Amino acid sequence: MISVAVLLSLAAAAFRPVVAQTQCGGNSYTPGTVKFTTECYDAIQSCAAQFEANASLVNCQDPAGNVMMQQEAALTAAVGSQNNDAVIAFQDIVDLCITAGQTSGTWGFSDNQWYYVYAGSACYTSNSSVTSVIPTRPAPFCIQNRDSSLPGCYPQPDPNTGPLKVLKIAKTSNGFTSASRGWNTYGIQALQNGSAVVPSFKGQSGLDYTQQFVETQCSVLAQDGFKEAGYVYCSLDSGWQAFDAVDNYGRIIYNNTRFNMPELASWLHARGLKLGVYVIPGVPCLAQNKTILGTDITVGSVWNGNNDEIFCDWDFSKNGVQQWHDSVVALWASWGVDMIKLDYLTPGSPQNGANLVCDNSAAAEMYQKAIQKSRRQMRLHLSWKLCRNETYLPIWNGIGDSMRTDQDIDNYGTNTLVAWSTAQRAIDNYRQYIGLQAQRNAPITTYPDLDNLFTVNPESLTGVSDTMRTTLMNHWLGAAANLIIGGDMTQIDALGHKLITSSQSVAAANFFAQYPIQPRNPGTGNNLAQQLQAWIAGPSNKEAYVLVANYGPDQGSGGFGTNLNGTQKVTVSLNDLGIAGKRWVFTDIWQGNRTTVSNSYTAYLDEGASQLLQLTVAGAH
């Protein structure tokens with residue numbers, strides 16, 4: 001039975017249970033060099049059954065003492081919840097540790113349940129004459145705390161204090177030359193009680209939202225200059241799809257009690273807008289006996305089964321898997337879908353509580369191939385906090401039109417959209433991302449996704465000050481990031497409207513689509529994290545943009561670790577920026593103030609404040 005908690009885990013971290021972690025220990029061995037005896041395996045299963053039946057049982061072992069197991073149940077919890085994780089806990093320990101390279105494992109969970117397994121040396125054999133055995137092999141999936149770093153996934157870029165290397169973004173694999181702009185449902189979905197603060201969301205929550213809500217929000221994109229500014233994508237996060245049904249070919253379909261996707265697509269297209277949908281890798285497990293369109297292959301014959309997720313995992317090496325992806329994208333294309341957000345890609349997307357395939361980047365490749373076969377132009381957004389080492393950054397560059405550089409930035413557990421500490425983290429993740437792109441000496445062919453853009457609503461809903469809202473806009477613009485609004489389109493204030501639709505905003509976004517910002521810090525020109533930071537985009541011919549910022553004291557994830565309070569003097573020289581030798585006119589794009597600079601530029605910035613400056617060569621016409 002699929003629990004509400006598991007269903008909700010599909011959307012993002014707000015709806016994931018806080019989680020289990022498996023840690024391996026004991027002696028190590030190379031999987032595949034030995035086999036595990038069925039006697040020990042059966043002993044583990046027997047003890048697991050005893051523990052499940054008796055929450056007060058603490059110790060269990062086989063008569064020979066080769067297997068020793070323990071549990072600590074949450075005995076103060078309600079009956080039925082005291083050790084309800086026992087089955088999956090012991091299975092995880094076996095799959096991730098005991099038969100995958102180490103001889104013991106523990107599994108701990110936030111609801112105070114804890115489990116342990118030890119297998120002695122007599123449980124392992126390399127004797128080929130012993131036939132009552134099961135193979136050992138590398139772990140088939142991963143459990144990873146989403147708040148910790150995957151080893152090697154997120155390297156720091158080289159400091160780079162040399163001459164300025166002008167960065168450019170080339171056309172993406174699906175033919176796009178700018179990041180997407182529009183609106184997404186999830187910022188409101190992630191609120192603690194969105195119904196209380198967003199009128200069109202009344203009576204809805206989490207994954208339970210309706211087409212009427214979407215149309216109310218996206219109708220604003222078709223007016224008041226948003227569409228003219230390029231904000232045309234109406235993007236649905238998790239919740240549009242049916243979780244209890246597939247079609248005759250095992251394809252993901254929409255929840256027809258709340259949506260009619262062809263009708264919604266037509267409604268949007270008639271207004272000059274586009275439709276985006278959300279999906280995770282894999283296939284609904286209830287599609288097991290369905291035959292993949294155009295083949296005689298059943299879905300269940302080409303998957304690896306379910307690893308504690310709602311969807312089952314594909315065996316990407318088997319014939320039929322690409323055909324399933326082709327058929328799904330063809331179906332969605334027939335509805336009128338214009339964008340696909342593919343979430344839970346690994347390496348990256350570490351999730352609390354569920355087992356994920358250690359590397360399902362093949363899913364992104366298959367969706368990208370399916371998009372090309374569909375002959376419909378669609379964007380493919382890849383998510384979240386994707387591994388950005390030299391192994392995987394080229395993969396994402398070659399597949400996606402954008403890639404998420406951070407985890408969710410939503411202000412979970414509140415009725416505001418974002419917190420400044422999270423904004424600091426998102427900015428530093430972009431700093432790392434663009435630094436790694438810069439040192440690759442290869443074209444950048446994907447746009448960064450810093451998550452939803454929370455700038456259009458007043459402070460009471462956004463959660464940060466107007467000054468910080470402007471700084472968020474400056475960074476999302478400068479990064480050439482997806483400009484996907486995450487707030488309530490019916491409560492936009494004057495500042496929000498200006499930040500999104502003004503001519504200076506559109507001009508900046510168009511420039512950054514070719515030339516993203518990179519750090520060139522005051523006093524050094526390096527790209528390290530600093531509280532007082534400077535960035536440059538370009539120059540292109542006779543134009544560039546510079547961003548100077550005071551992020552305020554590091555609230556835990558800013559990367560800089562300093563705590564300068566109040567207004568700070570930020571001075572950056574043309575030499576720091578790498579553009580010395582000319583006189584430049586610095587124009588604050590929001591205030592209109594102009595200064596001719598031949599040596600250095602100084603700004604006095606309060607905590608969380610920034611200036612986005614357009615640069616032109618002095619005297620040029």
Full-extension gain in nm, THR602 to GLU72, via 0.36 nm per residue minus C-alpha separation: 184.8 nm
Over 31 Å between alpha carbons, listed pairs LYS202/LYS373; LYS165/LYS369; LYS274/LYS542; LYS290/LYS373; LYS274/LYS385; LYS171/LYS202: LYS202/LYS373; LYS165/LYS369; LYS274/LYS542; LYS171/LYS202
Computed label-point distance, nm, for sites LYS171 and ALA196 using a 7 Å Cα→Cβ extension: 5.1 nm
Whole-percent carbon and sulfur share, accessible surface of the chain, 1.4 Å: 47 percent
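Tell me, what is the FRET efficiency for ALA442 and THR161 to the nearest 0.05, using R0 = 30 angstrom and their Cβ-Cβ distance as r? Show your work: numbers first, answer last.
Values: r = 21 Å, r/R0 = 0.72.
Step by step, r from the Cβ atoms, then E = 0.90.
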Rounded to 10°, Cα long-axis angle of helix 466-478 versus longest principal axis of the chain: 80 degrees
Pairwise centroid distance, computed over Cα atoms, of region 267-298 with region 506-548, Å: 40 Å
In sequence order, calculated HN-Hα J values of region 484-492 (Karplus, 6.51, -1.76, 1.60; Hz; x Gly/Pro): 9, 5, x, x, 9, 5, 8, 10, 7
Solvent-accessible surface (1.4 angstrom probe) belonging to ASP338, in square angstrom, nearest 10: 10 Å²
Local electrostatic count, GLN555, Cβ distance below 11 Å [Lys/Arg +1, Asp/Glu -1]: -1
CD proxy at 222 nm, helix term only [per DSSP H run n ≥ 4: -39500 (n - 2.57); per residue of the chain; nearest 500]: -7000 deg cm²/dmol
Cys with no candidate disulfide partner in the chain (beta-carbon separation under 4.7 Å rule): none
Extension gain from SER540 to ALA270, taking 0.36 nm per residue of separation minus the Cα-Cα distance: 93.5 nm
Theoretical gain in end-to-end length, THR524 to LEU564 [0.36 nm per residue, Cα-Cα removed]: 12.5 nm
By average C-beta atoms within 10 angstrom, highest first, the peptides 129-139, 438-448: 438-448, 129-139
FRET efficiency for ASN575 and THR391, using Cβ-Cβ distance with R0 set to 35 Å, rounded to 0.05: 0.45
Heavy-atom accessible area per residue - the chain, 1.4 Å, Å²: 38 Å²
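First measure r as the distance between the Cβ atoms of GLU459 and TRP114, then evaluate 1/(1 + (r/R0)^6) with R0 = 51 Å and state the FRET efficiency to the nearest 0.05.
0.75
The values are calculated or read from the model by the stated rules, or taken from the named source; none is laboratory data. It should be emphasised that the depicted structure is a prediction, and the values quoted were computed from it without experimental measurement. Using ideal geometry, Cβ is built from the backbone for each residue, glycine included, and neighbour counts are taken over all protein chains shown. All accessible areas refer to the heavy atoms of the entire protein, side chains included, with ligands and DNA or RNA removed. Shrake-Rupley method; radii C 1.70, N 1.55, O 1.52, S 1.80 Å.
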